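Peer 1: Quick one: the structure is below, questions incoming.
The values are calculated or read from the model by the stated rules, or taken from the named source; none is laboratory data. Bear in mind that the values here come from a model prediction, so they are computed numbers and not experimental data. No Cβ is skipped: glycine too gets one built from the backbone with ideal geometry, and neighbour counts run over all protein chains shown.
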């Protein structure tokens, strides 16, 4: 039986979806919310932009960018390590691609939609059961009123269950390809092999299709992802510990403030009592005995 590499890695993902337009078309048509008359028929690849310099994001982002005959732009990202700023970065990149279409002198009505498809290998919407998330600009009260332009799709791969997409066969097959295929696979489900696009993608990620240098790069990618994940976990732990320490300090400060306030209140009450006792003509030593105030302090009252 053939052995496979994980298609979520930089090397394999870009080989399947960055070099074979027909597979990219099948993939995008399956995963994007496109109507029948909006289906993609051809694509041409765009030059990928520079990856972020942030060392915590060096390895986890794999992207493929392309456009079609209508001028629509498609951004595809495979995110192996989730980060809190990911959604904002996706919105920024999609917006930049949208604005980048408008060259000097062009009219706004010539702008074409930008579709950003983001596959995330971690769960980030912990209180939502769905794996598929689609964002667009809609009217708050009238959801049929839409401002077309930006379409953002996020797929949480660990949540994916084929039975939830039984009415979308190709979507389920492509996500099964991404979630089921890796180095541990010894036998591929015949349903995957039966589809010509998935079968071709499987052939492209067979270990035998890569030379020794590529396999070393593949291992370095996953080593980098593991290091990145560890750094991010350590960073999260440090932030959590810092928040806990700040919370403890604030709680301690509140407790000390309350105690100090009570002490000041008690002291003030003692002076009020001493004043009344002194006004009644009681001796200083008697007042001092019952208020615990020094006689010289009482004498000043």
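Peer 1: Just give me the residues in the stretch 165-178 being in contact with a helix residue (DSSP H, G or I) (Cβ under 8 Å, 6 or more places away or on another chain) and assigned to a helix (DSSP H, G or I), in sequence order.
Peer 2: 165, 170, 171, 172, 173, 174, 175, 176, 177, 178
Peer 1: Given the structure, is residue 270 within 60 Å of the chain's Cα centre (by Cα) and either outside any helix (DSSP H, G or I) or at pLDDT 75 or above (or both)?
Peer 2: Judged against the criteria, residue 270 is a match.
Peer 1: Could you say which residue among 229, 252 is modelled with pLDDT of 80 or more and in a helix (DSSP H, G or I)? Write out each step before concluding.
Peer 2: Values: 252 fails: modelled with pLDDT of 80 or more.
Of 229, 252, the one residue that is modelled with pLDDT of 80 or more and in a helix (DSSP H, G or I) is 229.
Peer 1: Ok, one more. Of the residues 148, 167, 130, which single one is under 18 Å from residue 32 (Cα atoms) and within 22 Å of the chain's Cα centre (by Cα)? If you could, list the steps in order and put the result at the bottom.
Peer 2: Numbers: 148 fails: within 22 Å of the chain's Cα centre (by Cα); 167 fails: within 22 Å of the chain's Cα centre (by Cα).
Matching residue, one of 148, 167, 130: 130.
Peer 1: Right, something else. Please enumerate the residues belonging to the stretch 74-87 that are in contact with a helix residue (DSSP H, G or I) (Cβ under 6 Å, 6 or more places away or on another chain) and surrounded by fewer than 20 Cβ atoms within 10 Å (Cβ to Cβ).
Peer 2: none
Peer 1: Does any residue in the stretch 121-137 that is farther than 22 Å from residue 8 by Cβ come within less than 6 Å, Cβ to Cβ, of a residue that is part of a strand (DSSP E or B) six or more places away or on a different chain, and which pairs are these?
Peer 2: Filtered contacts from the stretch 121-137: 135/152; 136/151; 137/147.
Peer 1: Among residues belonging to the stretch 1-20 that are over 23 Å from the mean Cα position of the chain (by Cα), buried (at least 16 other Cβ atoms within 10 Å of the Cβ) and closer than 18 Å to residue 73 by Cα, point out the one that is modelled with the lowest pLDDT.
Peer 2: The residue in question is 18.
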